[in-house]
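Have a look at the structure below before the remarks.
The values are calculated or read from the model by the stated rules, or taken from the named source; none is laboratory data. The structure presented is a predicted model; accordingly, all values stated were derived computationally and were not measured. Please note: Cβ atoms are built from the backbone with ideal geometry, for glycine as well, and neighbour counts cover all protein chains shown. The accessibility values were calculated without ligands, DNA or RNA, using every heavy atom of the protein model including side chains. Shrake-Rupley method; radii C 1.70, N 1.55, O 1.52, S 1.80 Å.
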Amino acid sequence: MKLGDKQKNYVVITRPEPGLSETILKVQKLGWKTLALPLMNVNQLSVEFTNIDQIQAILFTSRQAIISTVRLFIRQDIRYRDIPVFAVGDITAHDAKIAGFEKVQSAHKDSNALNDLIQRELFPKQGGLLFPVGKGQGKKLISNLQNSGFKMIVEEVYETRRKDFIPFSFIEKLKRGEINTILFFSSETAQFFKDLLYEEYRYLLNQIYAIAISEKVKKVLENFQWKGIVVADHPSTESMLYLIK
């Protein structure tokens, strides 16, 4: 599907930091104008980590979880650098290394791939798995690993909250027909967009492409009439950006 249209040259990026700024730069390098549209606030939660010496590894499926966890480790004077980390994808793995973890493995794909990697590399009897997550997230991976006998130590280290409104800058470009594509990086963000966009503007989406990071995100977006919804081959930023090259 060809997404290029010189008259509609804005790509809207709906993710928060971390990730927003670097995605903006990557999209701009592809020749598009960009509009940042973070639809959520990320708030760190208070967690007391105990018995860290009894875990065999830490699992990370989001960049926000890394930031919140490391901040909590530092506040609690926990030495974490030599704890093995298993990350859902390469970007998450890279962020874990930048945060100071020295033993990091990437599943290179998604939570199913991460589950498979852990099943190959680890054994339940060697200790628990610390899984720092956003509030209410990670349930499928938790269930799969528990069913395989792993002791899951799940800690909710951050939560996301929907912003109060969509900025006028977006509505203005939407009304002018200047937007080509909107990138959606999570089902949560897609749901926030659905909740915040006024009914009177929704018909304008029929001239815009939506790029979804997964089929789960696509299901939320199907509440609107788009020019087209395209799902990335893999749940990664690079796969999404490939679609707008």
Does Ser236 fit the bill of being touching a residue at least 60 places away in the same chain (Cβ under 8 Å) and crowded, with 16+ Cβ neighbours inside 10 Å?
-> yes
Of the numbered conditions (1) modelled with pLDDT of 95 or more; (2) open to solvent by 30 Å² or more (accessible area, probe 1.4 Å), Val42 satisfies every one except a single condition; which is it?
-> (1)
Kindly indicate which of Ile182, Ile166 is over 22 Å from Ala113 (Cβ atoms), in a loop (DSSP other than H, G, I, E, B) and either open to solvent by less than 20 Å² (accessible area, probe 1.4 Å) or aliphatic (A, V, I, L, M) (or both).
-> Ile166
If you take the residues of region 167-216 that are among the basic types (Lys, Arg) and under 22 Å from Gln28 (Cβ atoms), which of them is farthest from the chain's Cα centre (by Cα)?
-> Arg176
When region 27-63 is examined, which residues are found to be under 18 Å from the mean Cα position of the chain (by Cα), part of a loop (DSSP other than H, G, I, E, B) and not aliphatic (A, V, I, L, M)?
-> Pro38, Thr61, Ser62
Only one of Phe150, Phe193 is open to solvent by less than 50 Å² (accessible area, probe 1.4 Å) and either modelled with pLDDT under 95 or not in a loop (DSSP other than H, G, I, E, B) (or both); which?
-> Phe193
Identity of the residue in region 26-47, out of contact with any strand residue (DSSP E or B) (no Cβ under 8 Å at 6 or more places or on another chain) and small (Gly, Ala, Ser), that ends up farthest from Gly136 (Cα to Cα) | Gly31
